[in-house]
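S.K.: Below is one structure. I have some questions about it.
The values are calculated or read from the model by the stated rules, or taken from the named source; none is laboratory data. Worth saying up front: this structure is predicted, and the values here are computed from it rather than measured. Here the Cβ positions follow ideal geometry from the backbone for every residue, glycine too, while neighbour counts run over all protein chains shown.
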Amino acid sequence: MPKGLDLDRWWRKAACLGKRVESITKRDCWDCSVQAECLWIAIIQDDRGPDHPLFIRGGLGASKREDLWYWSDKDPLRTYAACMIEADRIQFAIQRRKKTKRVK
């Protein structure tokens, strides 16, 4: 398990608590205080389901987490690190795109 994660009732602190699964977006995860815990649990428990194949956890959809799982040789710690980097990259790209649109 990655250092610094608090896995004791982390879901009670989730920014998406009480939201419908279908309404959760990656942006909901950006300022969430338990983004890392949520992502770790999604990786080790494989929460994908047939009714919600694109469920967002920790800022990434299930398909992206699955890709990173295979690219990381199915190693949970490597997958977690890759997912955290990818979530940050997506957030940065979207924010940069917004700033570029305002300047034009």
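S.K.: Pull up segment 50-65, narrow it to residues that are at pLDDT 90 or above and in a helix (DSSP H, G or I), then point me to the one that is surrounded by the most Cβ atoms within 10 Å (Cβ to Cβ).
M.R.: If we take residues in segment 50-65 being at pLDDT 90 or above and in a helix (DSSP H, G or I), then Arg65 is surrounded by the most Cβ atoms within 10 Å (Cβ to Cβ).
S.K.: Scan (1) of a type in the set (D, E, K, R); (2) surrounded by fewer than 19 Cβ atoms within 10 Å (Cβ to Cβ); (3) closer than 22 Å to Gln95 by Cα for the single condition Arg78 breaks and write down its number.
M.R.: Evaluating Arg78 over (1) of a type in the set (D, E, K, R); (2) surrounded by fewer than 19 Cβ atoms within 10 Å (Cβ to Cβ); (3) closer than 22 Å to Gln95 by Cα leaves (3) as the failure.
S.K.: Return yes or no: is Arg12 surrounded by fewer than 17 Cβ atoms within 10 Å (Cβ to Cβ) and assigned to a helix (DSSP H, G or I)?
M.R.: In short, yes.
S.K.: Of the conditions (1) part of a helix (DSSP H, G or I); (2) modelled with pLDDT under 90; (3) surrounded by 11 or more Cβ atoms within 10 Å (Cβ to Cβ), Leu39 fails just one. Which one is it?
M.R.: The number of the failed condition is (2).
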